[in-house]
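In what follows, a single structure is set out as structure tokens and then discussed.
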Amino acid sequence: GFSNCVSNYFATVPVGLHQGGLTLLYMHNLSDLQGRLLPAAWSQLQRRIGAFLDAVSIEGNAAGHLSFDRFGFIHDRTVDVDDVCAHLAEFTRTADPENKGCAVVSDNVAVHEIELAGPDLARAILYTIRRFALVQSRSAVGDVSTTNISTQLRVAADRTRYVVSTITGADFGIAYEPIVSLVDGSVHHFEALLRLNDHPGELSPYEFIVFAEEIDLITEFDLAMCRKAVAKLASYGADDSIKPVAINISGRSINSLSFVEALNALLDRHPSVRGRLMFEITESARISDLAQANEFIQALRKRGFQVCLDDFGAGEAAFEYLRELEVDFVKIDGQYVTDAASNSRDKAFLIAMSGLCHDLGITTIAEGIENDSILDFLRGCGITYGQGYVFGSPEGLAAPNSAP
């Protein structure tokens, strides 16, 4: 596909030496034209557009249909992009029974201006292309993007550079948030949360993780977080009084063989963390292979590590996950909790969910508990543990038995 073309081309050329260009195209009112065409004529037009873009692209196969009315192609610098747009507009006008066609506008991605090279450059470019493809509407014919595509690429490149350096240098901190019994207020364990050092982009920890997922670096980050948290826990030696710490792992990571192998090697080197370390599987990236994911989870549990399914209730796949993945804990999404506290229908679902988890032998945790009224509400719903600012802010893990 086009993503592979972008990766293969830009990942192998040194910074600043690209002899080709990357152009993104938008065909204005293409949906209106589709409505005026018979299915056969529409298919013929699509084939003609695709064949033409392939022909003007590098090696005749470096073009892609990004979304309904958006296209992209890699080309050498001799290609006249204005001429390409004129040809495409003429194709649409010729096919149109009303002879209107579509205006075609382009935006050249100034790759040569980016001080990034190799796979990291390809990651930034692909992220920018995906953002371009996801935009649903344009306010005017010439409004190809809410901001200039090359500006978007520079922002993506800066973020990519920051994420890569943060991961490779383990240049981040960890804060520990307590998970507390709703019955007696005792701390059961802590969740390890990312804390970033200052940087110009001002990414929040959540934005950092989402961006790492979107540029396919989340497995590297998850492993860096595991290494840092394991080193902290291992530093306490044989003291069994330390409360367990839960580390978040993306759904993408648990389907990565290289991640699984690296994590197992890490755990083999630090047997003292058994019983001190827990894992939370996050749903921010949908788990692609549930059977493989469950194998990973059961292997961890057999080694003495408890596993929590995070963000439960936040996505449509939640109950499918509960059916397919055997876990020790389910963490109920904070927004789901807030909605249930103010809506009787959502409350009924929350109570039913709590009962189902109890029947399955799964312990429930509610997140986002910000005040005593929510705390009392959750106690009435049968939730076992909770976390949130009502119990205190996340802080450093100073010593065994020390609550943050």
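For region 50-78, a residue qualifies if it is out of contact with any Ser or Thr (no Cβ under 8 Å at 6 or more places or on another chain) and of a type in the set (A, V, I, L, M), and the qualifying residues are Ala51, Leu53, Ala55, Val56, Ile58, Ala62, Leu66.
Residues of region 182-197 that are part of a loop (DSSP other than H, G, I, E, B) and either open to solvent by less than 40 Å² (accessible area, probe 1.4 Å) or touching a Leu at 6+ places or on another chain (Cβ under 7 Å) (or both): Leu182 alone. How many residues, within region 268-284, are open to solvent by 40 Å² or more (accessible area, probe 1.4 Å) and acidic (Asp, Glu)? Adding up the residues that qualify gives 1.
Tell me, yes or no, whether region 243-253 has at least one residue that is among the hydroxyl-bearing types (Ser, Thr, Tyr), under 29 Å from Arg131 (Cβ atoms) and touching a Leu at 6+ places or on another chain (Cβ under 9 Å).
Going through region 243-253, the residues among the hydroxyl-bearing types (Ser, Thr, Tyr) turn out to be 250, 253.
Keeping just the survivors that are under 29 Å from Arg131 (Cβ atoms) gives 250, 253.
If we keep only those that are touching a Leu at 6+ places or on another chain (Cβ under 9 Å) too, we end up with 253.
Yes, region 243-253 contains a residue that is among the hydroxyl-bearing types (Ser, Thr, Tyr), under 29 Å from Arg131 (Cβ atoms) and touching a Leu at 6+ places or on another chain (Cβ under 9 Å).
Going residue by residue through region 274-291, is there one that turns out to be assigned to a helix (DSSP H, G or I) and either of a type in the set (A, V, I, L, M, F, W, C) or modelled with pLDDT under 90 (or both)?
Residues of region 274-291 assigned to a helix (DSSP H, G or I): 290-291.
Now narrow it down to the ones that are either of a type in the set (A, V, I, L, M, F, W, C) or modelled with pLDDT under 90 (or both): 290-291.
Yes - at least one qualifying residue is present in region 274-291.
The sole residue among Ile209, Ile254, Ile249, Ile179 that is within 30 Å of Arg154 (Cβ to Cβ) and crowded, with 21+ Cβ neighbours inside 10 Å is Ile209. Given the options Gly1, Gly35, name the one that is open to solvent by 40 Å² or more (accessible area, probe 1.4 Å), of a type in the set (Gly, Ala, Ser) and more than 19 Å from Ala133 (Cα to Cα). Being open to solvent by 40 Å² or more (accessible area, probe 1.4 Å), of a type in the set (Gly, Ala, Ser) and more than 19 Å from Ala133 (Cα to Cα) holds for just one of Gly1, Gly35, which is Gly35. Among residues of region 306-324 being over 18 Å from the mean Cα position of the chain (by Cα) and surrounded by fewer than 21 Cβ atoms within 10 Å (Cβ to Cβ), the one that is nearest to Phe190 (Cα to Cα) is Gln306. Would it be correct to say that Lys243 is part of a loop (DSSP other than H, G, I, E, B), at pLDDT below 95 and among the basic types (Lys, Arg)? So Lys243 passes the test. Among strands (runs of 3 or more DSSP E) entirely within region 306-390, having at least 2 residues that are under 16 Å from Val180 (Cβ atoms) and not basic (Lys, Arg) singles out 329-332, 363-366.
Residues considered: Ala265, Ala238, Ala229. Of these, the only one that is buried (at least 20 other Cβ atoms within 10 Å of the Cβ), aliphatic (A, V, I, L, M) and over 30 Å from Asn4 (Cα atoms) is Ala229.
Within region 74-102, restricting attention to residues that are part of a loop (DSSP other than H, G, I, E, B) and among the polar types (S, T, N, Q), the residue that is most open to solvent (accessible area, probe 1.4 Å) is Thr78. Selection over region 57-103 of residues that are at pLDDT below 95, β-branched (Val, Ile, Thr) and either farther than 22 Å from Ala11 by Cα or out of contact with any Gly (no Cβ under 6 Å at 6 or more places or on another chain) (or both) gives a count of 3.
The values are calculated or read from the model by the stated rules, or taken from the named source; none is laboratory data. Keep in mind the model is a prediction, meaning the values are calculated, not measured. Cβ atoms come from the backbone with ideal geometry, glycine included; neighbour counts cover every protein chain shown. Heads up: the accessible areas ignore ligands, DNA and RNA and are worked out on the full protein's heavy atoms, side chains in. Shrake-Rupley method; radii C 1.70, N 1.55, O 1.52, S 1.80 Å.
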